[in-house]
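A short worksheet on the structure shown next.
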Amino acid sequence: MKQKILGLLFTVLLSCCLMNMSNTLAATETIEVNVSLGNESGELVFVPNHLEFVAGKKYKLKLDNPSPTKHYFTSKDFADASWTQKVEAAKVEIKGAIHELELKPSAEAEWVLVPMKPGNYELHCSISGHTEAGMVGEIVVMSE
């Protein structure tokens with residue numbers, strides 16, 4: 001009986017903490033960062049290919065694909081080290097764990113997130129041949 005009560009109490013406290021964190025982050029300023037996956041001439045690049053964030057700050061990553069082919073924004077370790085509020089594309093809002101985003105030609109997406117863990121993270125397009133052709137980048141998360 002004691003274990004059930006303690007478990008319930010822990011669950012309630014954890015829920016309250018997560019709700020408080022979510023409300024606090026929602027109230028903070030959101031910094032916009034624009035990234036293009038490829039370009040109109042079809043080059044396999046991220047523009048920019050070096051992104052810097054500060055741990056604990058809220059960002060809206062605005063992604064677009066001006067190229068004639070689809071591309072992926074893939075940075076699993078960065079995604080794992082971040083809290084995602086939402087991803088929004090074409091009037092669809094996605095919540096939960098995000099590891100990569102696929103953008104078809106002319107597509108746009110917004111990823112609202114808070115990087116939580118400082119470090120250097122690899123960014124690449126996981127389509128066969130794109131990484132090898134140089135579609136890579138770096139994401140740096142600095143301490144507050």
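The values are calculated or read from the model by the stated rules, or taken from the named source; none is laboratory data. Keep in mind it's a predicted model, so treat the numbers as computed, not measured. Ideal geometry is used to build each Cβ from the backbone, glycine not excepted, and the neighbour counts take in all protein chains shown.
So which of GLU108, GLU102, GLU138 ends up being out of contact with any Ser or Thr (no Cβ under 7 Å at 6 or more places or on another chain) and exposed (fewer than 15 other Cβ atoms within 10 Å of the Cβ)?
Step by step, each of GLU108, GLU102, GLU138 is checked, and only GLU108 is out of contact with any Ser or Thr (no Cβ under 7 Å at 6 or more places or on another chain) and exposed (fewer than 15 other Cβ atoms within 10 Å of the Cβ).
Using the structure shown, decide if VAL45 is crowded, with 17+ Cβ neighbours inside 10 Å, out of contact with any His (no Cβ under 6 Å at 6 or more places or on another chain) and either in contact (Cβ under 8 Å) with a residue 24 or more places away in the chain or aromatic (Phe, Trp, Tyr) (or both).
yes
Check LEU123 against each of (1) in contact with a helix residue (DSSP H, G or I) (Cβ under 9 Å, 6 or more places away or on another chain); (2) over 26 Å from GLY42 (Cβ atoms) and name the one condition it does not meet.
Result: LEU123 fails condition (2) only.
Taking only the stretch 54-71 into account, find how many residues are surrounded by fewer than 16 Cβ atoms within 10 Å (Cβ to Cβ) and either among the hydroxyl-bearing types (Ser, Thr, Tyr) or within 13 Å of the chain's Cα centre (by Cα) (or both).
Adding up the residues that qualify gives 2.
Could you list, ordered by first residue, the pairs with Cβ atoms under 7 Å in which the first is in the stretch 84-103 and within 21 Å of THR69 (Cβ to Cβ) and among the polar types (S, T, N, Q) and the second is at pLDDT 90 or above and not in a strand (DSSP E or B), at least 6 apart or interchain?
From residues that are within 21 Å of THR69 (Cβ to Cβ) and among the polar types (S, T, N, Q), there are no pairs.
Could you check the stretch 48-82 and list, in sequence order, the residues that are closer than 21 Å to MET116 by Cα, touching a residue at least 60 places away in the same chain (Cβ under 8 Å) and in a strand (DSSP E or B)?
HIS50, LEU51, GLU52, PHE53, VAL54
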